[in-house]
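**Student:** One structure, pasted below without further comment.
Nothing in this text is a laboratory measurement; each read-out follows from the coordinates by a stated rule. Just so we're clear, the structure is a prediction, and the values are computed from it rather than from any experiment. Because the Cβ atoms are built from the backbone with ideal geometry, glycine has one as well, and the counts that use them run over all protein chains shown.
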Amino acid sequence: MSDLLFRPLRADEFHLFHSYGPLPASGVGLRARPFEELGYRSGWVWVALRGDEVVARAGFWAPHGSDRPGFLDWFDPGHGDDRVEVGAALLEAAHAALVPEGGVRPEYHLFLPANWQERPDALADATDRIDAAERVGWRRAVERLNLRWIPEYGLPPRSTRLTFTPADDDETLLGLLARVTEGSLDDWDRRTRATRGAMETARETVAVLAGMAGGRSRWRLAHDASGALVGAVLPTRNDSSATVGYVGVDPAHRGHGYADDLVAEALHIFAAEGESQVNDNTDVGNAPMAASFARLGYRITGHRMILM
């Protein structure tokens, strides 16, 4: 390990990042867009050098406006017998430089093919990355399905049993989202509620989604025929595409399939705006939401494991 140099790259050195070679043939780490479109910043892209050869690489990322990396979402530990050790050392060096002592560890998002556990090549490539990350403190938190809808898949019918109105009353919206966290199957909702409470979870959901590029003009509250508030859907756009953002049904109204109505409303909004695709995700363990997306025509594009 003494023959290795770990260092960040300036933007004019990103060619070194690419000199490592292509992503694994297994599809582990494969992204929907090329490196150049993902918005990596000078100093947040790191390499391990053995002489002039790049033997491992890592890319950290954050949304526009953030001054600290929030995510590690590109990591290749190398090919040699010591690849896990080299990868771990690279992550340790980068983390020490990028995250102040006591700061929040960036989430590691590992992109995986849908059948990664059934394929020896993908399982081996994923295991190398997970083992290296776990050696320096990351821990597996949740695995998600990455999902996509495009108009060619067919626009589901719009709800005839719910009425939608703009979600412009924060008090009503926050109260609903706080109730939605009760019994939620979403990992982030559950963890955040357990540590910060239902209302703070709701406030953070609103803050994060309102801060996205799409704003909140598409957000809708849903009422049934009696006028009861049954749920909300918060469609928006992130840095790359349209996304439903958040779907929540009040616990008092669960069990009626309202998630389908909520997502369908978002898709109609996006279709009217001419969006070419809608990208979403849900936890592997959230079977009801995964089933809802499937009924509405979404297709699985891959999995994403999140380590924290």
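**Student:** What Kirkwood Rh does the stretch 84-229 have if only Cα atoms enter the pairwise 1/r average? Answer in Å.
**Tutor:** The answer is 19.3 Å.
**Student:** Oh, and also: Please list, short to long, the whole-number percent of alpha-carbon pairs of the stretch 4-138 in consecutive 5 angstrom bins beginning at zero.
**Tutor:** Taking all Cα pairs of the stretch 4-138, the binned fractions are 2, 10, 21, 25, 22, 13, 5, 1 percent.
**Student:** Moving on. Hey, what did the chain get for relative contact order, percent, Cα under 8 Å, at least 6 apart?
**Tutor:** Relative contact order for the chain comes out at 20 percent.
**Student:** Here is a follow-up. Just to be sure I follow: if Rg is taken over the C-alpha atoms of the stretch 155-308 and Rh is the Kirkwood radius over the same atoms, what is Rg/Rh?
**Tutor:** 0.93
**Student:** Restricted to Cα positions, what overall size does the stretch 171-216 have along the principal axes? Three whole-Å values, descending.
**Tutor:** Result for the stretch 171-216: principal-axis Cα extents of 28, 21, 17 Å.
**Student:** Ok, one more. D for the chain, whole µm²/s, Stokes-Einstein with Kirkwood Rh over alpha-carbon pairs at 37 °C and 0.692 mPa s: what number?
**Tutor:** Result for D is 157 µm²/s.
**Student:** Could you give me D for the stretch 132-177, from Stokes-Einstein at 4 °C and 1.567 mPa s, where the hydrodynamic radius is the Kirkwood radius over C-alpha pairs? Units µm² s⁻¹, please.
**Tutor:** Translational diffusion coefficient: 81 µm²/s.
**Student:** Follow-up question, since we're still on this one. Normalised by the number of residues in the stretch 151-300, what is the relative contact order in percent for Cα pairs under 8 Å and 6+ residues apart?
**Tutor:** 26 percent
**Student:** Considering only C-alpha atoms, what is the centroid distance from the stretch 20-98 to the stretch 123-150, in Å?
**Tutor:** 14 Å
**Student:** Also, quick follow-up: Net charge near residue 76: determine it from the other residues with C-beta under 10 Å of the C-beta of residue 76, scoring Lys and Arg +1 and Asp and Glu -1.
**Tutor:** +1
**Student:** Next question, about the same structure. Nearest 10 degrees, 0 to 90: what angle lies between the long axis of helix 198-210 and the longest principal axis of the chain (Cα atoms)?
**Tutor:** 80 degrees
**Student:** Okay, moving on. Mind ranking 79-88, 27-36, 173-182 by how tightly packed they are, going by the mean number of other C-beta atoms within 10 angstrom, highest first? Intermediate results must be reported in sequence, preceding the final value.
**Tutor:** On the way: 79-88: 17.4, 27-36: 14.3, 173-182: 19.7.
Descending packing order for the listed peptides: 173-182, 79-88, 27-36.
**Student:** Still on this structure, I have one more. Indicate, rounded to the nearest 5 percent, the antiparallel portion of the DSSP beta bridges found entirely in the stretch 151-300.
**Tutor:** Taking every DSSP beta bridge with both residues in the stretch 151-300, the antiparallel ones total about 95 percent.
**Student:** So how far, in whole Å, is the C-alpha centre of the stretch 202-239 from the one of the stretch 266-289?
**Tutor:** The distance from the Cα centre of the stretch 202-239 to that of the stretch 266-289 comes to 13 Å.
**Student:** Can you check what the net charge comes to around residue 103, using other residues whose Cβ is under 15 Å from the Cβ of residue 103 (Lys, Arg +1; Asp, Glu -1)? Let's see the in-between values first.
**Tutor:** Working: positive: 68, 105; negative: 67, 92, 101, 107.
Neighbourhood net charge equals -2.
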